[in-house]
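Take a look at the structure below.
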Amino acid sequence: MRKIFILFFISIFPKIYSQDTILSLRNHNLNQAINNLKKDKDLKNASIGFVAKDIKSGEIIAAFNPDLSMMPASTQKIITTATAFEVLGKNYRFNTILQYSGTIDTIHHVLNGNIYIKGGADPTLGSIYFDKTKKYDFIKTWIQSIIDLKIDSIEGSVIGDASKYSNEIACPKWAWEDVGNYYGAGANGLTVFDNLYELHFKSSAMPDTLATVTFIDPEIPGLVIHNEVISSNNPNDAFIFGAPYQYLHEVRGTIPKARNDFSIKGAIPDPAYFIAWKLQNELENSKIKCNGKPNTVRGLLLNGDSITEKRQDIQIHNSPLLSEIVNITNKNSIDLFAEHLLIEIGYSVKKSGSYELGLSVISDFWKLRGMDMDGFYMFDGSGLSRSNSITPNQLVFVLNYMKTKSKNFDAFYSTLPVAGKSGTLTSVGKNTSAEGVVHAKSGSVDRVRAYSGYVTTKSGRELTFCMNISNYNCTDYECRKKLEGLMIALADFNL
């Protein structure tokens, strides 16, 4: 009867009552939870966006500002990873090829040429997010494959080839305080070891005294650290500032006092050069001398040198399946992997790898599938840029498409963290009705908290949802608890 009454209102007063107003006439627990947020004093200056949609019927269960374009933070990874499944396929693999140029003198066991590492933009090469015990195995395999060619010395050097992607490692829309830190490590045509290094400190028991840099792991040739980090009674608040290809990194902020070993993570300035240097060092440790200095294709081009020499493949290293990479991307919210997926999407269609092309292909993909693109502003794959802005309706559109039209849904769905169970949602909704029934991607940057995903309600309905609060006046934890309450209301929905 209530539904008939609401429809009657719509038919008589179509221009007086907005969709939000009509939805608010439904007196159920979900709308009550939304109304509580609207009245919350901590959120008086905040932007709140929310929508929950029944997958089967298409009915909007509840909404508040569903077309408000908001910074999505890491919920943007939903768009990147969903598109990767659709464009690349769940069984897609990246590869890295070890090559040589010139000729092998089989009598004197000399390579009259160079060793090349041809990057295939594999984000998992030596990654800590897979099997840590096998982190260096690919290097051992490369050395053995060179030994198998009966090469005892190399007239040239090891050259890293990252030319599959543009030289623009970091997204130009990232904040300066992010670039240089591990979560701001950008995609590279020859990524290795997650493009990160660890900077280790020893801090004094006396607050406000300068901490000491003890070592860098792994060693980065040429890296100079300007240290301004001090010991403090407060938790870690230290940041590394350094641009791609620049070897002076400044470290500022505080770390906890009285620590014999405390580490923060930074971004390797030039991953292609680093792995060329690393392999050449390991070759020389294996008694295979290189007469030249390690270099990169970019370095050769900057020097005006030719890179036209023919190469022969020695060994091909394949990445895990894309479905495994996306699983880590979404469950652990790995920015680097998301950036690689973004650019690889563009490369697969345009045959050239750059942020611009990746973003163009993603935008065109969803536009062609009927998404309303008004308010859609995407500048990276991970959601780290504060220039990103996407509406709750757009995120829900992607989630609905994957559920109803994609053959990759099961693979995609399995990558999403589960409330109270896995990934970034392990501590969210634990021991509540949301536990185990909310599968969603979280998002968080300064003054932004967001969640987007799927939920099976108490009444058995399957919903997609997006919730976002930006510019709140409470702590991050308090904002998270407010959104957790909204997720519990979704799970408890019983109509």
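Does at least one position in the range 51-61 carry a residue that is in a helix (DSSP H, G or I), surrounded by fewer than 16 Cβ atoms within 10 Å (Cβ to Cβ) and among the acidic types (Asp, Glu)? Step through it out loud before you land on a result.
Taking the range 51-61 and keeping what is in a helix (DSSP H, G or I), we get none.
No.
Counting only residues that are among the β-branched types (Val, Ile, Thr) and touching a Gly at 6+ places or on another chain (Cβ under 6 Å), how many does the range 165-217 have?
2
Is there any pair linking a residue in the range 46-65 that is under 18 Å from Arg480 (Cα atoms) to one that is among the hydroxyl-bearing types (Ser, Thr, Tyr) and assigned to a strand (DSSP E or B), with Cβ under 7 Å and at least six apart or on different chains, and which?
Listed pairs, sorted by first residue: Ala46/Ser470; Ser47/Ser470.
Hey, could you check the range 420-447 for residues that are closer than 21 Å to Ala62 by Cα and among the aliphatic types (A, V, I, L, M) and say which is nearest to the chain's Cα centre (by Cα)?
Checked the range 420-447; the qualifying residue nearest to the chain's Cα centre (by Cα) is Ala440.
Look at the range 213-254 and say how many of its residues are over 19 Å from Glu177 (Cβ atoms), over 27 Å from the mean Cα position of the chain (by Cα) and part of a loop (DSSP other than H, G, I, E, B).
So the answer is 2.
In the range 91-113, which residues are more than 30 Å from Ile325 (Cα to Cα) and either part of a strand (DSSP E or B) or not assigned by TED's automatic domain parsing to the domain that holds Leu279 (or both)?
To start, the set of residues in the range 91-113 that are more than 30 Å from Ile325 (Cα to Cα) comprises 101-113.
Matches in the range 91-113: Ser101, Thr103, Ile104, Asp105, Val110, Leu111, Asn112.
Is it true that Ser163 is over 18 Å from Ile97 (Cβ atoms), of a type in the set (Ser, Thr, Tyr) and in a loop (DSSP other than H, G, I, E, B)? Step through it out loud before you land on a result.
On the way: over 18 Å from Ile97 (Cβ atoms): no; of a type in the set (Ser, Thr, Tyr): yes; in a loop (DSSP other than H, G, I, E, B): yes.
Answer is no for this residue.
Pull up the range 287-342, narrow it to residues that are on the phi > 0 side of the Ramachandran plot and touching a residue at least 40 places away in the same chain (Cβ under 8 Å), then point me to the one that is farthest from the chain's Cα centre (by Cα). Step through it out loud before you land on a result.
Initially, the range 287-342 is screened for residues on the phi > 0 side of the Ramachandran plot, giving 287, 304, 333.
Imposing the further condition that a residue be touching a residue at least 40 places away in the same chain (Cβ under 8 Å) reduces the set to 287, 333.
On the way: Lys287: 39, Ser333: 6 Å.
Checked the range 287-342; the qualifying residue farthest from the chain's Cα centre (by Cα) is Lys287.
State the number of residues belonging to the range 263-294 that are farther than 27 Å from Asp178 by Cα and crowded, with 19+ Cβ neighbours inside 10 Å. Steps first, please.
First pass over the range 263-294, keeping only residues farther than 27 Å from Asp178 by Cα: 279-294.
Right, trim to crowded, with 19+ Cβ neighbours inside 10 Å and you get 279-280, 283, 288, 290, 294.
Of the residues in that region, 6 qualify.
Would you be able to tell me the number of residues in the range 460-475 that are surrounded by 21 or more Cβ atoms within 10 Å (Cβ to Cβ), in contact with a Lys or Arg (Cβ under 8 Å, 6 or more places away or on another chain), closer than 11 Å to Ala52 by Cα and not polar (S, T, N, Q)?
Going residue by residue through the range 460-475, those that are surrounded by 21 or more Cβ atoms within 10 Å (Cβ to Cβ) are 463-470, 472.
Then drop every residue that is not in contact with a Lys or Arg (Cβ under 8 Å, 6 or more places away or on another chain), which leaves 463-465, 468-470, 472.
Keeping just the survivors that are closer than 11 Å to Ala52 by Cα gives 463-465.
Now drop any that are not not polar (S, T, N, Q), which leaves 463, 465.
Number satisfying all stated conditions: 2.
Please verify whether Ile316 is aliphatic (A, V, I, L, M), not assigned by TED's automatic domain parsing to the domain that holds Ser422 and not in a loop (DSSP other than H, G, I, E, B), treating the condition exactly as stated. Steps first, answer last, please.
On the way: aliphatic (A, V, I, L, M): yes; not assigned by TED's automatic domain parsing to the domain that holds Ser422: yes; not in a loop (DSSP other than H, G, I, E, B): yes.
Yes; evaluated as a whole, the condition is true for this residue.
Of the conditions (1) in contact (Cβ under 8 Å) with a residue 60 or more places away in the chain; (2) assigned to a helix (DSSP H, G or I); (3) surrounded by fewer than 22 Cβ atoms within 10 Å (Cβ to Cβ), Cys479 satisfies every one except a single condition; which number is it?
(3)
Hey, among Ile154, Ile159, which residue is of a type in the set (A, V, I, L, M), surrounded by 15 or more Cβ atoms within 10 Å (Cβ to Cβ) and in contact with a Cys (Cβ under 7 Å, 6 or more places away or on another chain)?
Values: Ile159 fails: in contact with a Cys (Cβ under 7 Å, 6 or more places away or on another chain).
Just a single option satisfies the conditions, and that option is Ile154.
Criterion first (of a type in the set (Lys, Arg), crowded, with 17+ Cβ neighbours inside 10 Å, in contact (Cβ under 8 Å) with a residue 24 or more places away in the chain and on the phi < 0 side of the Ramachandran plot) does Lys164 satisfy it? Reasoning before the result, please.
Numbers: of a type in the set (Lys, Arg): yes; crowded, with 17+ Cβ neighbours inside 10 Å: yes; in contact (Cβ under 8 Å) with a residue 24 or more places away in the chain: yes; on the phi < 0 side of the Ramachandran plot: yes.
Here the answer is yes, as Lys164 does meet what is asked.
Restricted to the range 367-412, and to residues that are assigned to a loop (DSSP other than H, G, I, E, B) and of a type in the set (Gly, Ala, Ser), which residue is surrounded by the fewest Cβ atoms within 10 Å (Cβ to Cβ)?
Gly370
Quick one: Gly346 ticks every box in (1) under 30 Å from Ser145 (Cβ atoms); (2) free of Cβ contacts under 8 Å to residues at least 24 places away in the same chain except a single one, so which number is it?
(1) is the only condition that Gly346 fails.
Sort out which residues of the range 236-262 are closer than 25 Å to Thr191 by Cα and buried (at least 17 other Cβ atoms within 10 Å of the Cβ), and write them in order of number. Give the steps one after another, and end with the answer.
Of the range 236-262, the ones closer than 25 Å to Thr191 by Cα are 238-251.
Scanning the range 236-262 gives Ala238, Phe239, Ile240, Phe241, Gly242, Pro244, His249, Val251.
The values are calculated or read from the model by the stated rules, or taken from the named source; none is laboratory data. Since we're looking at a predicted model, the values are computed, not measured. Using ideal geometry, Cβ is built from the backbone for each residue, glycine included, and neighbour counts are taken over all protein chains shown.
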